[in-house]
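This report refers to the structure that appears directly beneath it.
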Amino acid sequence: MRHDSIQVLTTLRRLISEGRYAPGARMVEIPVAGQLGVSRTPVRLAFRTLEQEGLLERSGARGYVVRSFSEQDVRCGLEVRGVLEGLAARRSAEQGLRAEVRETLRDCVREGAELLGPGVLDAASIAGWSEVNGRFHRCIIEASGSRAIADAIARNNHLPFASSDSIIIDTTRLRQEYEKLRVAQLQHALVLDALEAGEAARAEMLMREHAYVGVRYGHLLGRLPAAGAGNP
């Protein structure tokens, strides 16, 4: 997906999560594109993805409306993903990483670190990290060798904000959002370390915690001092 499409997608996720587009609100390409100052194409692509993620549902032949969901729905979906991905990580550690899996995960961790290396976020780094994140999660699920886990995660991904791809980036708080991705990147590195060491219980625990980085860490990151401020 192109950078502009990913930016539109993450913006719409945020606006829906904040209630700017309320449950039942009709979503039409042209008005939404005008509000965001973009063309219709990235909006159309975003609508399709948001439908798959359970945030929009079809209304008529071509339209969409925002689905109704609660904070509890989101947290339950994340809890289920954490359990399933933790199970996948545990199985992968117990079985031992195949060489190609190890290399893929190492590449993901290295590429993620390079993308965050400059210390700031822009459209390119956000899109790049999103792709790397998706590849990292898919690799662990596939490495488990369990069709049951993969199918259960695929079904859970249709719940609001439950998918590992459902990253919300608030472009008005890029410093805090950078820190969120930096924490997630560190967790990727820790998961890989546990997998390579064959530490199944640790890998499972880390993946379960990792599922919550988008919703439980925000209030902590929001307390960051302004740039240039002294330590508290």
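Restricting attention to the range 88-102, the residues that are part of a helix (DSSP H, G or I) and surrounded by 16 or more Cβ atoms within 10 Å (Cβ to Cβ) add up to 8.
Rundown of residues vs (1) under 24 Å from Glu177 (Cα atoms); (2) under 18 Å from the mean Cα position of the chain (by Cα); (3) modelled with pLDDT under 90; (4) in the same structural domain as Arg202 (by TED's automatic domain parsing), yes/no style:
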{"site": "Leu15", "(1), (2), (3), (4)": "yes, yes, no, no"}
{"site": "Glu18", "(1), (2), (3), (4)": "yes, yes, yes, no"}
{"site": "Gln35", "(1), (2), (3), (4)": "yes, no, no, no"}
{"site": "Ala61", "(1), (2), (3), (4)": "no, no, yes, no"}
{"site": "Arg90", "(1), (2), (3), (4)": "no, no, no, yes"}
{"site": "Gln95", "(1), (2), (3), (4)": "no, no, no, yes"}
{"site": "Arg102", "(1), (2), (3), (4)": "no, no, no, yes"}
{"site": "Arg106", "(1), (2), (3), (4)": "yes, no, no, yes"}
{"site": "Leu115", "(1), (2), (3), (4)": "yes, yes, no, yes"}
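Filtering the range 16-25 to residues that are among the hydrophobic types (A, V, I, L, M, F, W, C) and surrounded by fewer than 18 Cβ atoms within 10 Å (Cβ to Cβ) leaves Ala22, Ala25.
For every residue, the table says whether it meets (1) in contact (Cβ under 8 Å) with a residue 40 or more places away in the chain; (2) surrounded by fewer than 20 Cβ atoms within 10 Å (Cβ to Cβ).
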| position | (1), (2) |
| --- | --- |
| Thr10 | yes, no |
| Arg14 | yes, yes |
| Met27 | no, no |
| Val38 | no, yes |
| Ser59 | no, yes |
| Glu71 | no, yes |
| Gly86 | yes, no |
| Thr104 | no, yes |
| Glu111 | no, yes |
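Residues that are in a loop (DSSP other than H, G, I, E, B) and of a type in the set (Lys, Arg) were ranked within the range 47-75; the one that is nearest to Ala211 (Cα to Cα) is Arg67. Selection over the range 104-126 of residues that are in a helix (DSSP H, G or I) and over 15 Å from His188 (Cβ atoms) gives a count of 4. Scanning the range 161-178 for residues that are in a helix (DSSP H, G or I) and crowded, with 18+ Cβ neighbours inside 10 Å yields a count of 2.
The single condition among (1) under 20 Å from Glu85 (Cβ atoms); (2) modelled with pLDDT of 90 or more; (3) surrounded by 14 or more Cβ atoms within 10 Å (Cβ to Cβ) that Gly214 does not meet is (2).
Working only within the range 91-102, note down all residues that are of a type in the set (A, V, I, L, M, F, W, C) and touching a residue at least 12 places away in the same chain (Cβ under 8 Å). Once the filter is applied, which keeps residues that are of a type in the set (A, V, I, L, M, F, W, C) and touching a residue at least 12 places away in the same chain (Cβ under 8 Å), the range 91-102 yields Ala93, Leu97, Val101. Listed by first and then second residue, the pairs with beta-carbon distance under 8 Å, at least 6 apart or on different chains, first residue in the range 152-168 and outside the structural domain of Ile126 (by TED's automatic domain parsing), second among the polar types (S, T, N, Q) and at pLDDT below 90, form an empty list.
Count of the range 127-167 residues, restricted to those that are over 21 Å from Val191 (Cβ atoms) and touching a helix residue (DSSP H, G or I) at 6+ places or on another chain (Cβ under 9 Å), is 4.
Being β-branched (Val, Ile, Thr), within 26 Å of Leu174 (Cβ to Cβ) and modelled with pLDDT under 90 is not true of Thr49.
The values are calculated or read from the model by the stated rules, or taken from the named source; none is laboratory data. Keep in mind the model is a prediction, meaning the values are calculated, not measured. Methodologically, a virtual Cβ is constructed for each residue, glycine included, from the backbone with ideal geometry; neighbour enumeration extends over all protein chains shown.
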